[in-house]
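The values are calculated or read from the model by the stated rules, or taken from the named source; none is laboratory data. Note that the coordinates shown come from a computational prediction; the quantities given were computed from them, not determined experimentally. A quick note on method: Cβ atoms are made from the backbone with ideal geometry, for glycine too, and the neighbour counts reach across all protein chains shown.
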Amino acid sequence: MRQFEYLEDIRKYRLYLLEMEKSTATIEKYLRDIRKFSSWLGADREVTKERVIEYKHALTERYKTSSVNSMLVALNMYFRYLGWEECCVRGLKCQQQMFIGSRKELKQEEYLRLVETALQKGQEQIALVMETIASTGIRISELRYITVEAVQQGCANVNGKGKSRQVFIVKELRKKLSKYLKQKKIKSGPIFLSQKGNPLDRSNVWTKMKKIAEIAGVAGEKVFPHNLRHLFARAYYHKNKDIFYLADILGHASVNTTRIYTRTAGENHLRILEKLKLVI
């Protein structure tokens, strides 16, 4: 039986995660999941495997399987850090979905409508941000690596998720970005900056994309920066079926993650089945 002392241990754990070179977003996610468990414990701070299993069952009543497993991963990591291996529990078994819902898939024509609408409204910066993510496949957190120097060289050296990789910038995008740099008189460093002069972050970009989506008539649940990365993955895989090479481009450690990115809506699969003409 263990005693859960959240505040005392969590400060040390945050430093441990920083030393492990986990990203800020990952650290915050892990700590948020641990806080959730701490809150669930209530006044009784004793932790046993039985109580953790009880917590797992409580999560399954409120969250989908993938979310439950994600929370359990964070909790198990924390237990191992504390030396409480006996409290770790197994995740839920689930079969990976082959398709994504059409309501969440950002189609290419919708993406083009977003970019065109942004340009029509004089929002050149967000239009270029969307084109940059969609044509390179970078994460929104990696946008700061698109610098003046990267545009001049035609590629960016990106450090994300503990790995370094080269990201190429296509000729047409280089032309647009070069023109933008001259207009904004940006001489060096990151290209996409906020009004305060800081590199744009997820919140800045997402807020601007939402406003453009309303005008363009694109469903809000489809419009967030990471969906542009998924759009790149699907478009690239459609042209070049090498999923292992795509995993390298996206900076994935596992090709299983890449498979999630290349999923399409079930309607596409249904169209292929219809073409088989196997029902007389």
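A few remarks follow.
Yes or no, residue by residue, for (1) under 30 Å from Ser194 (Cβ atoms); (2) among the hydrophobic types (A, V, I, L, M, F, W, C):
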{"position": "Leu18", "(1), (2)": "yes, yes"}
{"position": "Glu28", "(1), (2)": "yes, no"}
{"position": "Gly42", "(1), (2)": "no, no"}
{"position": "Glu61", "(1), (2)": "no, no"}
{"position": "Val73", "(1), (2)": "no, yes"}
{"position": "Tyr81", "(1), (2)": "no, no"}
{"position": "Trp84", "(1), (2)": "no, yes"}
{"position": "Arg90", "(1), (2)": "no, no"}
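- For region 15-43, taking the residues that are at pLDDT 90 or above and of a type in the set (D, E, K, R), the one that is farthest from Val68 (Cα to Cα) is identified as Glu28.
- Boolean, Arg229 is modelled with pLDDT under 90, of a type in the set (Lys, Arg), in a helix (DSSP H, G or I) and more than 27 Å from Val148 (Cβ to Cβ): no
- Residue tally, condition without any contact (Cβ under 8 Å) to a residue 12 or more places away in the chain and either surrounded by fewer than 16 Cβ atoms within 10 Å (Cβ to Cβ) or of a type in the set (Ser, Thr, Tyr) (or both), over region 184-210: 9
- Filter result for Ser38 (in contact (Cβ under 8 Å) with a residue 12 or more places away in the chain and closer than 28 Å to Thr257 by Cβ): no
- Region 141-155 residues that are farther than 15 Å from Leu200 by Cβ, paired with ones that are modelled with pLDDT under 90 and acidic (Asp, Glu) (beta carbon under 7 Å, 6 or more apart): none
- Of all residues in region 147-198, those satisfying the criterion of being among the hydrophobic types (A, V, I, L, M, F, W, C) and part of a helix (DSSP H, G or I) are Val148, Ala150, Val151, Leu173, Leu177, Leu181.
- Qualifying residue in region 126-147 (condition: in the same structural domain as Thr258 (by TED's automatic domain parsing), of a type in the set (Gly, Ala, Ser) and more than 19 Å from Leu231 (Cα to Cα)): no
- Residue in region 126-149 that is exposed (fewer than 15 other Cβ atoms within 10 Å of the Cβ), at pLDDT below 90 and not basic (Lys, Arg) present: no
- Complete set of residues in region 221-250 that are over 16 Å from Lys107 (Cα atoms) and crowded, with 19+ Cβ neighbours inside 10 Å: Leu246, Ala247, Ile249, Leu250
- Scanning region 211-225 for residues that are assigned to a helix (DSSP H, G or I) and either touching a residue at least 12 places away in the same chain (Cβ under 8 Å) or out of contact with any Lys or Arg (no Cβ under 7 Å at 6 or more places or on another chain) (or both) returns Lys211, Ile212, Ala213, Glu214, Ile215, Ala216, Glu221, Lys222, Pro225.
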